[in-house]
Amino acid sequence: MTDYEPGQITVTDTVAAAITDQKNDEIKGASLPGSPLEPNADDCCGMGCTLCVFDIYQQEIEVWRQKCEGLKNGTFDSDNKEDLLDKMVYRSFQLESVSRLSPDTSVYRFTLPKGSCLGLTPGQHLILRGNLNGKSFTRQYTPISELTKAGSFDVMIKLYPSGKMSNYVRSWKEGDKIDWRGPFGSLLYKPNTYTHLLMVACGTGIAPMVQVIQHVLSTAEDETFLRLVYSNKTKEDILMKTMIDSWKSYWNFTVKYVLTQVDKSNFTPHYGDDVQLERINKDLLIKELESQGKQKVLICGTKPFERDIIKFLKQLNYSENNYFKF
């Protein structure tokens, strides 16, 4: 991937040339789609993500350029659906249903051809393309449905009061065709590679953890022990809690719920819940990492959350080989 420094992002010569070509063609009367919307510098977390938002932007420019060329020379075929998914070509999937999880978070189900599944591996995600006012933009989402699920796939999306993608998703209606491409993701998971997986997540960062947990628990020969530490503001904010609690019946899964904005004097946990009423800190990670054997830490959440967890791990002499950030 390309390294980017926040605040120093510039459009490459290739991108600038492509946009100039589009403007020239518009002057000539050709009807071409608008160029992708360049991310803001602060959209990049500066943590070396694969893919970075600016890597995705470069890909979007290339996809857009190829489409423009195809439209100009008459070779673009919007009905070409040879592959279910493609990393560089968007495929449209019909929105089948919407199920609300919380006031601002829902699960969106998309239809797949009968008998087919996405064919993802654990931890892989897709890129969603939105479009408002003729400008396209993207976000990354990890499907939460089981990897072998046929006929449909589910994506959990949190909507914010403002934001391009949130406004776009609010416009969706059942039956709409939505554009996705992928898969992406560099987590290489093989059963029994590690004795323990410690998964540290907050909010919608639970999505890739759900995917990994379902895969491990459904693989009979995989004896990897799974420990989920899941942080939210209050117990009402815990997403997919019923499903998470159901996994407690497996011998190799446990969960600790971390709640950061709760009145300790007036809190009663649900029966059987392991709850901590303070933020995740280095001391908590020390306790969670006491177990013997080969371990791996998986991390997903907000940018500040991920930075804090990685900082604590480095203070404990954990190298990048010992943890993975989605």
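For the stretch 174-192, a residue qualifies if it is of a type in the set (Gly, Ala, Ser) and in a loop (DSSP other than H, G, I, E, B), and the qualifying residues are Gly175, Gly185, Ser186.
Within the stretch 133-145, restricting attention to residues that are closer than 25 Å to Gly301 by Cβ and free of Cβ contacts under 8 Å to residues at least 40 places away in the same chain, the residue that is surrounded by the most Cβ atoms within 10 Å (Cβ to Cβ) is Ser145. Residues in the stretch 146-170 that are touching a residue at least 24 places away in the same chain (Cβ under 8 Å) and assigned to a loop (DSSP other than H, G, I, E, B): Glu146, Leu147, Thr148, Lys149, Ala150, Gly151, Leu159, Tyr160.
Filter the stretch 78-106 down to the residues that are of a type in the set (Lys, Arg) and surrounded by fewer than 16 Cβ atoms within 10 Å (Cβ to Cβ), then identify the one that is nearest to Asp154 (Cα to Cα). Per the criteria, the residue is Arg100. Of the residues making up the stretch 215-236, one or more are out of contact with any Cys (no Cβ under 9 Å at 6 or more places or on another chain), touching a residue at least 12 places away in the same chain (Cβ under 8 Å), of a type in the set (Asp, Glu) and over 19 Å from Gly293 (Cβ atoms).
Take the residues of the stretch 107-132 that are in contact with a Ser or Thr (Cβ under 6 Å, 6 or more places away or on another chain) and under 20 Å from Ile244 (Cα atoms): which is most open to solvent (accessible area, probe 1.4 Å)? If we take residues in the stretch 107-132 being in contact with a Ser or Thr (Cβ under 6 Å, 6 or more places away or on another chain) and under 20 Å from Ile244 (Cα atoms), then Arg109 is most open to solvent (accessible area, probe 1.4 Å).
Applying the condition of being modelled with pLDDT under 95 and not small (Gly, Ala, Ser) to the stretch 125-137 and asking which residue is farthest from Pro183 (Cα to Cα) yields Asn133.
Do you know which residues across the stretch 244-274 are crowded, with 16+ Cβ neighbours inside 10 Å and among the hydrophobic types (A, V, I, L, M, F, W, C)? Selection gives Ile244, Trp247, Phe253, Val255, Val258, Leu259, Val262. Considering only residues in the stretch 193-234 that are open to solvent by 10 Å² or more (accessible area, probe 1.4 Å), assigned to a loop (DSSP other than H, G, I, E, B) and among the polar types (S, T, N, Q), the one that is farthest from Tyr323 (Cα to Cα) turns out to be Thr234. Being polar (S, T, N, Q), open to solvent by 70 Å² or more (accessible area, probe 1.4 Å) and more than 19 Å from Leu120 (Cα to Cα) is a property that does not hold for Ser166. Listed by position, the strands (runs of 3 or more DSSP E) enclosed by the stretch 235-326 that each have at least 2 residues that are within 26 Å of the chain's Cα centre (by Cα) and either among the aliphatic types (A, V, I, L, M) or modelled with pLDDT under 95 (or both) are 253-259, 295-300.
The values are calculated or read from the model by the stated rules, or taken from the named source; none is laboratory data. Not measured: the values here are computed from a predicted model. No Cβ is skipped: glycine too gets one built from the backbone with ideal geometry, and neighbour counts run over all protein chains shown. Protein only, heavy atoms only, side chains kept; ligands, DNA and RNA dropped before computing areas. Shrake-Rupley method; radii C 1.70, N 1.55, O 1.52, S 1.80 Å.
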